[in-house]
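One structure is given below, encoded as structure tokens.
Readers should treat all values here as calculations from the given coordinates under stated rules, not as data from a laboratory. It should be emphasised that the depicted structure is a prediction, and the values quoted were computed from it without experimental measurement. Cβ placement follows ideal geometry from the backbone for every residue including glycine, while neighbour counts extend to all protein chains displayed.
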Amino acid sequence: MAHMHLTTFVMPLGYHRNSWCRPGSRAEEVPGLGFLSDIARMAEEAKLDALFFGDVAHATSTLRGDTMMNGFYEPMTTLAALAARTERIGLIGTLSTSLYEPYNVARLLSSLDHLSGGRAGWNIVTSADGYRNFGIEAAPEPEERYRRSEEFVRVVEELWDSWSDDAVIVDRAERRWLDPERLRRIDFEGDYFRVEGPLNMPRSPQGRPVLVQAGSSGPGMRLGSAVANIIYTAQPDLQQAVEFSARMKALAAEQGREPGEVKVIPGIVPVVADSQAEADEIAAELSSFLDVEQGRLQIAGDLQADLSDLELDEPIPAERFASIGTLSSRQGIYRRKSVEQGLSLRELIYDRARSTGHQWVAGTAETVADRMQQWFEAGACDGFNLNSPYNPDGFERICTKLVPELQNRGLFRSEYTGVTLRDHLGLPRPANRFGGAADAERAR
């Protein structure tokens, strides 16, 4: 039986908004390393494929009181610290192609891959906000951001391949640690970047760190199907998830890629308890921590629209969405729930607080596993990104109750069988596009 892939979106304050208000949340320890290390160890003991860190390189949402989507932990420094405190679990971090330069990203991820023994992954994102923190007055249009991102990734991959796998020779007799003839400049010239190369460190254990992408819009799907090994996505509906997964794999095949090497992994927010009554009680407690007016501000920020005049018990009118222009995939989910399903603004606030467009399920380990198995066997996904609704207890229940149930059903591994993130995902180590020393010499 094929195994699911399971990663976890690490949010120490909990995925459910304001779940940190729950007694025992250890919220006072954020953004320290000790609490985070405990989460990482729980995930590794459960044999999860990877820890995943998102990133927001600005404080716009934080100014609205949103403590969920934040940059309290910078991914690369955080994952480097966790690499020293874990042994096998993958380490996926977000770096924006809008706010970084390719050479720095190539260095950061290659270094993390070396330090972790081949466990690094890069979540590729474009940014819609925060530009004025980087000397840029306004965000480019989405199409331009994605064109830049596509070129950015090409540069990074060429830099990762700029050292031959056998460039490090450690010849003590000749006093040569490396053979410079096995390096090559990439001399990249594109619409956005001119990069000479080569990278200033050897090719990493995985050859290239695992590439991850989370855009579900048209440009995002095009980028993800072209380069990504993992596709993160918000899919609350089973049939739509089946269609999305099939579409992503078809797009990958159209670009000459092996569809099985593109893993579609939607998010799920599971509240796990020993009985349905207990799960419902925990869910109600989490909802009790919400500030509805704060939630109104957060949804208004997501939609970049003024919602201050709306009644809480009325849906957001369709014309408000029309005024936004091109909707992101997440904004599209809000539109479907408001306009097509008739959720009131209040109901949407509560829905966003617990799921942000992902599946939300509260129940026993058995009932949550039933849902996951149904989706997996229907072809809706290759696994799940586990969003812990509250910490640390909520994540501990996922690791010690839900994951063992999946293991008992033969749906997930009981032990790691490889050492790299590519091993966990069943992905081959990519060949160097520039070949070995002879090919590098000819390329000069």
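Tabulated data
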quantity	calculated
Proximal lysines to Lys47, defined as alpha-carbon separation beneath 17 angstrom and excluding residues fewer than eight positions away on the same chain	Lys401
Highest-first arrangement of 109-118, 380-389, where packing means the average Cβ count within 10 Å	380-389, 109-118
Rg(Cα)/(2.2 N^0.38 Å) for the range 1-147, N = residue count	1.11
Residue-count net charge about Val195 - beta-carbon cut-off 11 Å; Lys, Arg +1, Asp, Glu -1	-3
Tilt relative to the chain, helix 218-227 - C-alpha long axis, 0 to 90 degrees, to 10	40 degrees
Separation of the Asp306 and Gln341 label points, Cα + 7 Å toward Cβ, nm	2.9 nm
0 to 90° range, to nearest 10: angle between helix 142-160 axis and the chain longest Cα axis	40 degrees
Separation in nanometres of the label points that stand 7 Å from Cα toward Cβ, at Glu314 and Glu143	3.6 nm
Gaussian network model of the chain, Cα within-10 Å springs - most flexible of Ala305, Ala120, Ala273	Ala305
Chain lengthening between Glu258 and Ser414 when straightened (0.36 nm per residue, less Cα-Cα)	53.5 nm
Nearest-ten-degree value, helix 102-116 long axis tilted from longest Cα axis of the chain	90 degrees
Of Phe72, Ser61, Gln298, farthest towards positive along the dipole that unit charges on Lys, Arg, Asp, Glu beta carbons give the chain	Phe72
Simple label model, 7 Å out from Cα along Cβ direction - Thr60 to Arg429, nm	4.1 nm
For the range 41-81, alpha-carbon Rg relative to the globular expectation (2.2 N^0.38 Å, N residues)	1.42
Total formal charge among the other residues, if their Cβ is under 12 angstrom from that of Val227, Lys/Arg +1 and Asp/Glu -1	0
Low-density loop cleavage sites - trypsin sites (Lys or Arg not before Pro) in the range 125-190, where at most 16 other Cβ are within 10 Å (DSSP)	Arg172, Arg175, Arg185
Cα-based reach from Lys263 at 17 Å (exclusive), listing aspartates and glutamates while leaving out same-chain residues under 8 positions away	Asp49, Glu243, Glu254, Glu377, Asp382, Asp423
Length gained when the stretch Asp171-Gln374 is fully extended (0.36 nm per residue, less Cα-Cα span)	67.5 nm
